[in-house]
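Below: one structure, written as structure tokens.
The values are calculated or read from the model by the stated rules, or taken from the named source; none is laboratory data. If you're wondering where the values come from, they're calculated on a predicted model, not measured in any experiment. Heads up, the Cβs are rebuilt from the backbone with ideal geometry, glycines too, and the neighbour counts pull from every protein chain shown.
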Amino acid sequence: MSGGGYDRYITIFSPEGRLFQIEYAFKASRGVDHTTVAIRGTNCVALVTQKKVVDKLIDPSSVTHMFQITEKIGCVLTGRDSDSRALATQARAEASEFRYNHGYAMPVHVLAKRMADLAQVYTQQAGRRAYAAMMILCAVDEERGPSLYKVDPAGHYFGYKAVAAGTKYQEAMTRLEKRVKANPEGGDENETIQAAIEELQHVLSADFKNSEIEVGVIIEGKNFHTLTEAEVEEHLVALAQRD
């Protein structure tokens, strides 16, 4: 065993205090051959991820990593597709139950904390395993404004100004740090969407077609929605003309 026998069960710590099964979940979520970038703007949040159809017979409309949790909360999941769909379903159930119990929509920071708590529980139950997917949640909160959160398989969750996940997340995070340092307040809707697309293009050293990426956006006063291929094309053209 690569973990010296300590990776046979999810609840056993190695002498160094590591849970190898959780580390494997992190590696699995980063080994899926796609990358995601999310950036917070002044009045919006933009999510951009790669869209890869692995078989020509698959209907492209059935392939997605973007999920609408509530009208105001959007989500992009980077990792194993089956785990991603299960996490999205679970998040929707949590948000629906919160609204039923409390009479108002679940704030995004509360949902992020709840999903992180559930992820942490999966690290201490031998009969369950961690989900191999990174969850990025976004919303424009009435009190906190544009909000962006990332939840990982270990149960960590943090609010971000910009964040990345997937295969080349480390390179993307390095670029995002420089971008946020140069412009801490972010931009408007178009600037934020184009900035996220631009960062993904630079990290992957590729020029995308409109069918090769998914773009989700939440704007103040509007619901979360994904852009059509025509709308994505407009942003790609604008980036090309700017360069």
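What number of residues within the stretch 92-127 satisfy the criterion of being part of a helix (DSSP H, G or I), touching a Leu at 6+ places or on another chain (Cβ under 7 Å) and more than 16 Å from residue 150 (Cβ to Cβ)? Write out each step before concluding.
Kept after step one, since they are part of a helix (DSSP H, G or I), are these residues of the stretch 92-127: 92-102, 108-121.
Cutting the leftovers down to touching a Leu at 6+ places or on another chain (Cβ under 7 Å) gives us 94-95, 108, 111-112.
With the extra rule that they be more than 16 Å from residue 150 (Cβ to Cβ), the set shrinks to 94-95.
The number of residues fulfilling the criteria is 2.
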Going through the stretch 3-57 one residue at a time, which ones are surrounded by 13 or more Cβ atoms within 10 Å (Cβ to Cβ), in contact with a Phe, Trp or Tyr (Cβ under 8 Å, 6 or more places away or on another chain) and assigned to a loop (DSSP other than H, G, I, E, B)?
3, 6, 7, 10, 12, 14, 18, 19
Could you please tell me which pairs satisfy a Cβ distance under 8 Å, a separation of 6+ or placement on different chains, a first residue in the stretch 106-120 that is on the phi > 0 side of the Ramachandran plot, and a second residue that is modelled with pLDDT under 95 and crowded, with 23+ Cβ neighbours inside 10 Å?
none
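Could you grab me the full set of residues in the stretch 141-156 that are in a strand (DSSP E or B) and either among the polar types (S, T, N, Q) or modelled with pLDDT under 95 (or both)? Walk me through how you get there before you give the answer.
At the first step, the residues of the stretch 141-156 found to be in a strand (DSSP E or B) are 141, 145-151.
Scanning the stretch 141-156 gives 141, 145, 147.
Looking at 132, 86, 116, which is the one that is touching an Asp or Glu at 6+ places or on another chain (Cβ under 9 Å), surrounded by 14 or more Cβ atoms within 10 Å (Cβ to Cβ) and farther than 22 Å from residue 48 by Cβ?
Values: 132 fails: farther than 22 Å from residue 48 by Cβ; 86 fails: touching an Asp or Glu at 6+ places or on another chain (Cβ under 9 Å).
Of the residues listed, the single one that is touching an Asp or Glu at 6+ places or on another chain (Cβ under 9 Å), surrounded by 14 or more Cβ atoms within 10 Å (Cβ to Cβ) and farther than 22 Å from residue 48 by Cβ is 116.
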Tell me which residues, restricted to the stretch 179-211, are in a helix (DSSP H, G or I), over 19 Å from the mean Cα position of the chain (by Cα) and either of a type in the set (S, T, N, Q) or closer than 15 Å to residue 168 by Cβ (or both).
190
Condition check: farther than 21 Å from residue 139 by Cβ, at pLDDT 90 or above and in contact with a Lys or Arg (Cβ under 9 Å, 6 or more places away or on another chain). Does residue 239 satisfy that?
no
Checked the stretch 176-203 for anything under 22 Å from residue 79 (Cα atoms) and surrounded by fewer than 19 Cβ atoms within 10 Å (Cβ to Cβ); matches are 201, 202
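If you go through the stretch 32-40 one residue at a time, do you hit one that is without any contact (Cβ under 8 Å) to a residue 40 or more places away in the chain and charged (D, E, K, R)?
Taking the stretch 32-40 as the starting set, the residues that turn out to be without any contact (Cβ under 8 Å) to a residue 40 or more places away in the chain are none.
So far as the stretch 32-40 goes, no, none of its residues is without any contact (Cβ under 8 Å) to a residue 40 or more places away in the chain and charged (D, E, K, R).
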